[in-house]
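Beneath this line is the structure, given in C-alpha cells, with notes to follow.
Read-outs throughout are calculated quantities, based only on the coordinates presented, and are distinct from any laboratory measurement. The structure displayed is predicted, hence computed values, not measured ones. Quick reminder, even Gly has a Cβ in these numbers, built from the backbone with ideal geometry, and neighbours come from all protein chains shown.
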Amino acid sequence: MRDAKLRLELLGFAPQLIKEIEQTREIMYRIPVFAPQAGVVTDLNVAEGMYVEPGLEMFTLTGDESFWLIADVSEPYSDWLSVGAPVDVTLPQANLNGYETKIEYIYPSLDIQARTQRVRIKLPNSQVGSNLLVGMQAQVELYGGPKREALTVPLSSLIVTGANNRVIVKTSDNTFEQRDVHVGLVIGEQAEILHGLEEGEQVVVSGQFLLDSEATLLNSRASGEQEATDAHANH
C-alpha cells in the first residue's frame, strides 16, 4: 500500500485525490488535475481527444495574486545589477507612477541577439488593482551602487566609429597618437574606459576630430606612396 501511494505521488496525484482512493478503493477512469494556484489560462496547446505525451506543455496558467515584470538591460550596464537593488516602475495604464520595488532575480545568461541582461521584478497585485494585464510594457529605472576606481574620460574626447572607439593621446614628446579604447558605462558627460588607457595619460578633448582626420590623411598618403613605389619597382 505504501509503495502504491508513493507511485501515485510521483505521478503527480494530489494528496486529497490519493486520500479519496484510499477511502473508496474504487478505480478512477478520469483523473482530475488541480491547479497549484488561481489564475487565468493565457496559452492553451491541447484540445479534447488529443493524445498527450510526457513533456508536452498543455497550457499556461497565469496567477492573479502577483505579477512579474521582466526588464532588459543593455550589456555594458549588467555589472551594476544586483538582487535587491532598488527599482522604480512607471506604468500609467495600470495607475503606476514611480512604483518603488526591487530586483528579485537576475537571469544567468544574456540574450544573444539583443545583447541584454534580463532581470525579474515583482509587482504585488494588491498594489496595482485589476488594471494590470499580462503583456503590458513599462518604463523601468534601475539603480546601481557606486563603481569604485573607474577610469573615465570626458565624452567629448571619444571618436566613435562603426568598428571601434578611439581617443587622441598626448605622448611624452608632445606629439599625439590615436588609441583604440574599450568603453564601458557612459554616465552624463563621462565615459568609462575599460582598456586602452592608463591613469594619468592626457587625452584631447577638443579638436580631436581635426587631429584624427590629419592622421588618417597622413596614413593614407604614406600607404599610397608605398603602393606607388612598389608598383614602379615591379614595372
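Structure data summary
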{"read-out": "Whole-number percent relative contact order across region 63-142, with pairs defined as alpha carbons under 8 Å at least 6 apart", "value": "40"}
{"read-out": "Cβ-based exposure ranking for Glu48, Glu201, Glu189, in which fewest neighbours within 10 Å come first", "value": "Glu48, Glu189, Glu201"}
{"read-out": "Extension gain from Glu201 to Ile21, taking 0.36 nm per residue of separation minus the Cα-Cα distance", "value": "56.9 nm"}
{"read-out": "Over region 1-126, relative contact order from alpha-carbon pairs under 8 Å, at least 6 apart, %", "value": "21"}
{"read-out": "Label-point separation in nm, Ala163 to Asp180, each point 7 Å along Cα→Cβ", "value": "0.8"}
{"read-out": "Least to most buried among Phe34, Phe67 (fewest other Cβ within 10 Å first)", "value": "Phe34, Phe67"}
{"read-out": "Which of Val181, Val140, Val186, Val33 has the fewest Cβ neighbours within 10 Å, and the rest in rising order", "value": "Val33, Val186, Val140, Val181"}
{"read-out": "With 5 Å bins from 0: P(r) over region 65-197, alpha-carbon pairs, percent", "value": "2, 8, 16, 16, 15, 12, 10, 7, 6, 4, 2, 1, 1, 0"}
{"read-out": "Using θ = phi - 60° and Karplus 6.51 cos²θ - 1.76 cosθ + 1.60, couplings along region 194-204 (whole Hz; Gly, Pro as x)", "value": "8, 8, x, 10, 10, 4, x, 6, 9, 10, 7"}
{"read-out": "Potential extension, Ala85-Ile106 segment - 0.36 nm per residue separation minus Cα distance", "value": "6.5 nm"}
{"read-out": "Placed amide H near Ile187: partners under 5 Å, 5+ positions off or other chain", "value": "Glu192"}
{"read-out": "Ratio of the Cα radius of gyration of region 2-83 to 2.2 N^0.38 Å, where N counts its residues", "value": "1.68"}
{"read-out": "Formal net charge of residues neighbouring Gly98 (Cβ-Cβ distance under 13 Å; K, R +1; D, E -1)", "value": "-3"}
{"read-out": "Region 63-142, Cα convex hull volume normalised per residue, Å³", "value": "96"}
